[in-house]
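Peer 1: Take this structure, written in structure tokens, and hold onto it; I'll ask about it next.
The values are calculated or read from the model by the stated rules, or taken from the named source; none is laboratory data. Note that the structure is predicted; figures quoted are calculated from it, not measured. Note that each Cβ is placed from the backbone with ideal geometry, even for glycine, and that neighbours are counted across all protein chains shown. Quick note on the areas: whole protein, heavy atoms, side chains included, nothing else; ligands and nucleic acids left out. Shrake-Rupley method; radii C 1.70, N 1.55, O 1.52, S 1.80 Å.
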Amino acid sequence: MTDNVLIKKLKALITIRVIFVTLLLGSFFLLQVGYGSFPHPRATSNLIIALYILTIVYSVLLGRIKIYVVLAYAQLFIDVFATNMLIYLTGGIESWFSFIMPLTVISASVVLNRRAGYVIATLNSILYGTMIDLQYYNLLPIEYSTTLTERDFLYNIFAHMSAFYLVAFLSGYLSSRLEKTAKALEQTDFNLKELALFNKEIIENIPSGIFTTDINGDILVFNKAAEDITGVGRGTAKGKKIDEIFPFINPPDSASLKEGGRGLTERMEGVIRHPEEGERIINLVISVLKGVVGEETGFIGIFQDLTHFKKMEAEMKQKEKWAMIGELSANIAHEIRNPLASLKGSVEMLRENRVTEEHKGRLTEIALTEMERLNKIITDFLTYSRPRAAEFNIFDLNLVLDDTLELLKNTVPVRNDITIRKNFIGTLPVNADHQKLRQVFWNLGMNAIEAMPDGGELLVSTKKGDDFVEVVFQDTGVGISKENIGKIFYPFFTTKEEGTGLGLAIAYRIIEEHKGEISIVSDPGEGTVFKVIIPNGNGRS
Ligand code: ADP
Ligand code: MG
């Protein structure tokens, strides 16, 4: 027990005693009780007055004496003596005041501790027991009723002593309980304070900006990072509404967050104006703040400054773009140079007069084919790099496939070692650009045929899903090696002597434009499966 607590208890003891003695004294004089029956009425009143004076002495001593335990014991001892004196003066065994003794025991347990309670109980037992004994043997000048026997005296002592110890036990138990609870509470209080401090430190030192607002959007908490990122001091921030600092937040209301269906949380990105550093891009997550019983008390937001990151990202993208353009240009140059070289060769030879008529015809033929090839490369490249905008119409995809396959058959009539089979079910209505899809299927079909130089079979099948359609081109050709499979959609990637490498790049673009997917399964020597999935466009406007 600390001195402070003891002083408080001593003061309480003194105060209670004053009240008690005052009541006793007051009633004693006012009502003139006991003047007839008490053996020593005058002495009794003197005792009460003495107690009163003692109280004043205690109060003075409390300011002087520093060993409070001694002071407490002294007071308790004097209380016991005074009580016994009062009992003695008011008739010993016949006194009305024996009830005060248990009160001194209680005071001892409460003011000091359990042990003090037992000490005071023992002191009371000794004093009271001796007094009653002496009274019985008529060694004290107090009379008692002749009807009282020896057994009455013994019983009286026994009853009082058991009461003292019982009270000492009970009050000691209670006060030690109280003390333990108080200690536990103090510890809990300390822990809570520690926790609060810890939380505060975390919030202050976390590198993300954090704010909280009340339900109206008025800012309550604004951490250090929040100040740094926004350039607004917390003093200023605390008087503001959240959308004054983050204009891209609609004045928050939980209803809109709830409608979002994202568990009362919304992620957003926006721009704020930093007073010194200008525009900053902010990434922010805002959630509803809930109180202990789950009621909505406001909002909490956590945000980061993405400005630097975004700038870096943009720079990277720009660099990538230039690199791609560079690569593309190199590829185009390469593709164009080959036919140009043979064109140049043919024309140079034609210029010389020595060539025969027959030779002239062949050279002209070559020149024309090479020009044709140049034209095709450029047309394909333009289709890839500057595609015409898609025109969506509803049509039966099976019919378009039919057309395309027919065209393919006519293009390769000489290749009678290749069979083209189809497996269509019913109709396949889609909302798409039929010309563009025709081009996709043509490219896939041509690739399949080119992949089967020694003949084979191309199987084209279609399937209808819930909200998509599926077209599969399966060939028994040479297949694609593992290292090439990742590159076949790159523009200009080709493994063919006469190839442009644009067919699949164009197909990929078109399927992407239709929000579909194109995937491949292939093993060298085992053939290749191209699967195209496009949404059937029921939901498309
Ligand atoms: P190109 O046909 O002009 O070479 P593509 O973009 O159409 O260009 O095809 C790129 C490459 O993908 C082809 O050169 C070929 O190596 C590979 N490829 C495409 N389809 C098939 C297929 N069905 N079987 C095997 N290889 C294929
Ligand atoms: Mg091709």
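Peer 1: Could you work out how far helix 3-31 tilts from the main Cα principal axis of the chain, as a 0 to 90 degree angle to the nearest 10?
Peer 2: 40
Peer 1: Dipole of the chain, Cα-centred, from +1 at each Lys and Arg C-beta and -1 at each Asp and Glu C-beta, to the nearest 20 debye? Provide the component values of the computation, followed by the final result.
Peer 2: On the way: 56 positive and 64 negative charges, 443 e Å.
In total the dipole reaches around 2120 debye.
Peer 1: What percent does the relative contact order of the chain come to when contacts are Cα pairs within less than 8 Å and at least six residues apart?
Peer 2: Numbers: 712 pairs, mean separation 36.6, N = 541.
With pairs under 8 Å counted, the relative contact order is 7 percent.
Peer 1: Turning to a different aspect of this structure: Based on DSSP H runs of at least 4 residues, each adding -39500 (n - 2.57), what is the mean residue ellipticity at 222 nm of the chain after dividing by all its residues, to the nearest 500 deg cm²/dmol? Mind showing how you got there, number by number?
Peer 2: Details: 16 runs with 309 residues, N = 541.
Calculated from helices alone, the mean residue ellipticity at 222 nm is -19500 deg cm²/dmol.
Peer 1: Could you work out how far apart the two model spin labels at residue 23 and residue 200 are, taking each label as a point 7 Å from the Cα in the direction of the beta carbon, and quote it in nm?
Peer 2: Inter-label distance under the simple model: 4.5 nm.
Peer 1: Same structure again: If you take every DSSP beta bridge whose two residues both sit in the chain, what share of them, in percent to the nearest 5, is antiparallel? Intermediate values should be presented prior to the final figure.
Peer 2: Values: 55 of 61 bridges.
Around 90 percent antiparallel, to the nearest 5.
Peer 1: In the chain, with Lys and Arg counted as +1 and Asp and Glu as -1 at Cβ, which of these residues, 328, 408, 216, has the Cα nearest the positive end of the dipole, that is, farthest along it?
Peer 2: 216
Peer 1: Quick check: Cα centre of the stretch 197-241 to Cα centre of the stretch 161-176, how many Å?
Peer 2: Result: 56 Å between the Cα centres.
Peer 1: Given the pairs 376/422; 11/66; 436/464; 321/515; 422/464; 436/515, which span a C-alpha to C-alpha distance of over 18 angstrom in this model?
Peer 2: On the way: 376/422 29 Å; 11/66 14 Å; 436/464 20 Å; 321/515 23 Å; 422/464 15 Å; 436/515 13 Å.
Too far apart for the 18 Å limit: 376/422; 436/464; 321/515.
Peer 1: If you don't mind, another one. Zone of residue 16 (label point 7 Å along Cα→Cβ, backbone N under 19 Å): which residues in the stretch 90-107?
Peer 2: What the label zone holds, given the 19 Å backbone N cut-off, is 97-107.
Peer 1: On full extension of the chain, what length is gained from residue 65 through residue 403, given 0.36 nm per residue of separation minus the C-alpha to C-alpha distance? Walk me through the intermediate numbers first.
Peer 2: Values: separation 338, 0.36 × 338 = 121.68 nm, distance 11.48 nm.
Fully extending the segment from residue 65 to residue 403 adds 110.2 nm.
Peer 1: Roughly how much of residue 8 is accessible, in Å² to the nearest 10, using a 1.4 Å probe?
Peer 2: Accessible surface of residue 8 is approximately 150 Å².
Peer 1: Would you tally the net charge around residue 283, using a Cβ to Cβ cut-off of less than 11 Å, leaving residue 283 out, and scoring K and R as +1, D and E as -1? Please report the intermediate quantities before stating the final value.
Peer 2: Numbers: positive: 267, 280, 310; negative: 269, 305.
Local net charge: +1.
Peer 1: Now a separate question. Can you grab the distance from the C-alpha centre of the stretch 395-449 to the C-alpha centre of the stretch 55-114, Å, no decimals?
Peer 2: Here the two parts' Cα centres lie 113 Å apart.
Peer 1: What are the lysines whose alpha-carbon lies under 18 Å from the alpha-carbon of residue 482, with same-chain residues fewer than 8 places away excluded?
Peer 2: Once the sequence-local lysines are set aside, what remains near residue 482 is 496, 531.
Peer 1: Between 0 and 90 degrees, rounded to the nearest ten: what's the tilt of helix 41-64 against the longest Cα principal axis of the chain?
Peer 2: Helix 41-64 sits roughly 40 degrees off the main axis of the chain.
Peer 1: Moving on to the next point. Treat each spin label as a single point 7 Å out from the Cα along the C-beta direction, and report the residue 412 to residue 49 distance in nm.
Peer 2: The answer from the label model is 13.5 nm.
Peer 1: If you take the charge dipole of the stretch 3-186 about its Cα centre, with +1 on Lys and Arg Cβ and -1 on Asp and Glu Cβ, which of 185, 135, 86 is farthest toward its positive end?
Peer 2: Towards the positive end, the residue furthest out is 185.
Peer 1: If you don't mind, there's one more thing I want to ask. Considering only 23, 460, 481, whose Cα is most displaced toward the positive end of the charge dipole of the chain, charges sitting on Cβ of Lys, Arg (+1) and Asp, Glu (-1)?
Peer 2: The Cα lying farthest towards the positive end belongs to 23.
Peer 1: Under a 1.4 Å probe, what is the accessible area of the chain per residue, stated in Å²? Kindly include the intermediate steps, with their values, before the conclusion.
Peer 2: Details: 32100 Å² over 541 residues.
Computed with neighbouring chains in place, this is 59 Å² per residue.
Peer 1: Enter the angle in degrees (range 0 to 90, nearest 10) between the Cα long axis of helix 397-411 and the first principal axis of the Cα atoms of the chain, meaning the one along which they spread out most.
Peer 2: Its long axis makes an angle of about 40 degrees.
Peer 1: With charges set only on the Cβ (+1 for Lys and Arg, -1 for Asp and Glu), what does the dipole of the stretch 328-487 come to about its Cα centre, in debye to the nearest 20? Each step should come with its number before you reach the end.
Peer 2: Values: 20 positive and 24 negative charges, 81 e Å.
For the stretch 328-487, the charge dipole is close to 400 debye.
Peer 1: Here's a follow-up. Given +1 on the Cβ of Lys and Arg, -1 on the Cβ of Asp and Glu, and no further charges, what dipole in debye does the stretch 206-305 carry about its Cα centre, rounded to the nearest 20?
Peer 2: Details: 11 positive and 16 negative charges, 36 e Å.
Value, rounded to 20: 180 debye.
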